[in-house]
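Contents: one structure, followed by commentary.
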Amino acid sequence: RVRGSWWPVAQAAVASAIAWLVAHRLLGHPQPFFAPIAAAISLSTSRIQRSRRIVQMVGGVLLGIAIGEALASALGTSTVALGAIVFATMGAALLSGVGFFSEGMMFANQAAASAILVVTLHRRGTGAERAVDVLVGGAVAFAIGVVLFPAEPMSLLRDAERAVLRTLADRLTESVALLRSGEPPDSEWTLRAGSDIHQQLAALARARATAHANVRIAPRRWHLRAVVDAENRRTARLDLLANAVLGLIRAAGFQASARRPVPSELEQQIAALALAIGGLSAAGQPWAPELLDEVGRVAAEAIGHSPVDDATPGPVLASILRATATDLVELIGSDR
């Protein structure tokens, strides 16, 4: 994670320096601190959703400057005035935060922080200058992070997909170990497994949104639009697979908690499915035909497993296993 963040960090550092240079040297602003701040925070340490962060950052800071300047002139810069101005600014941010401005806390936080800086460093007649500084910082961040060096959308999608598959494989492997141990899991095990999976799915959703935006905003990525849209549609199937795996994990936890034995054949099929998903997560993409054939074979065996009647241990587990295998076939189907 740290190694992959050095390039975004370098971009943020360069953007901050250029924003300061433009605002200070070219525009002649004596203390254009909003310019490098806007550039650094907009780009940050991540390649994900940069265009959205830039707009949220610039919009929030402009709102904070406008309200801070207006109310500081009317209320002054006392402690009580500061609290009132922050309250008014965050309230305005909440009321005006529609669309993607309402996603996350960047918009409201930057509005409040900017209003605080305006009040505590108050100098008359600097509101317009500070607004220009923010626009300079946002423009430099957009030029560097979106136009010149946009994130590689296919890399983002595939990295996020591998992380989801790796987590699914790990949690299934834990489920098999749990079933074989004959011991009940601790009360938080299922919740932890579900939290891990949902965390990776959220990261995948952010990667999909970034890839979708990049091929429409960044000129250097326009030629990838059709490819990225197709990959986006395919990775959407991971939600279905993950939900099926979550059901399998819950069923395995229930069987283990109830100390109900599960047929060894069923355990082996879950283990084989975990190994197949793990193989997909470890392999480079596009996946090799041999790997896809092996994963397809494992899934077909699970799907073709003879139905388990209610008198046999693990009927629910077997049914969910077949559903999971079916979703896995759907995921790899477009690559075969």
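Values in this text are rule-based calculations from the coordinates and carry no lab data. A quick note: this is a predicted structure, and the numbers were derived from the prediction, not measured. All Cβ positions, glycine included, derive from the backbone under ideal geometry; neighbour counts span all protein chains shown.
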Task: Longest exposed-site-free window of the chain, the sites being GluC sites (Glu not before Pro) in a DSSP loop that have at most 14 other C-beta atoms within 10 Å - done: 189-336
TODO: Determine the gain in length on full extension of the stretch Arg220-Ala128; use 0.36 nm per residue of separation and subtract their C-alpha separation, reporting nm with one decimal.
DONE: 29.8 nm
TODO: Obtain the nm distance between the two label points defined at Glu188 and Ala282 by a simple spin-label model: each point lies 7 Å from its Cα along the Cα-to-C-beta direction.
DONE: 3.0
TODO: Go ahead and set up a Gaussian network model of the chain, Cα springs under 10 Å, then flag whichever of Val119, Val227, Val80 fluctuates most.
DONE: Val80
Open item on the list: At a threshold of 8 angstrom on Cα-Cα distance, excluding pairs fewer than six apart, so keeping six or more, what relative contact order does the chain reach in percent?
Closed with: 17
Task: Extension gain from Ala177 to Ser96, taking 0.36 nm per residue of separation minus the Cα-Cα distance - done: 24.1 nm
- [ ] For helix 153-181, report the angle its Cα long axis makes with the longest principal axis of the Cα atoms of the chain; keep it between 0 and 90° and round to the nearest 10°.
- [x] 40
Task: Estimated [θ] at 222 nm from DSSP helical runs (n ≥ 4, -39500 (n - 2.57)) normalised by residues in the chain, nearest 500 - done: -25000 deg cm²/dmol
Task: C-alpha long axis of helix 237-257 to longest principal axis of the chain, angle in ° - done: 60
Task: Between 0 and 90°, nearest 10: helix 79-96 axis offset from the chain longest Cα axis - done: 50
Open item on the list: Using Cβ counts within 10 Å as a stand-in for footprinting exposure, how do Asp133, Asp229, Asp293 rank, fewest first?
Closed with: Asp293, Asp229, Asp133
Task: In region 102-168, the trypsin sites (Lys or Arg not before Pro) that fall in loop regions by DSSP, at most 14 other Cβ within 10 Å - done: Arg123, Arg124
Task: Identified option (computed semi-axes √(5λ) of the Cα gyration tensor in Å; candidates (i) 51, 24, 14; (ii) 47, 25, 15; (iii) 38, 21, 18) - done: (i)
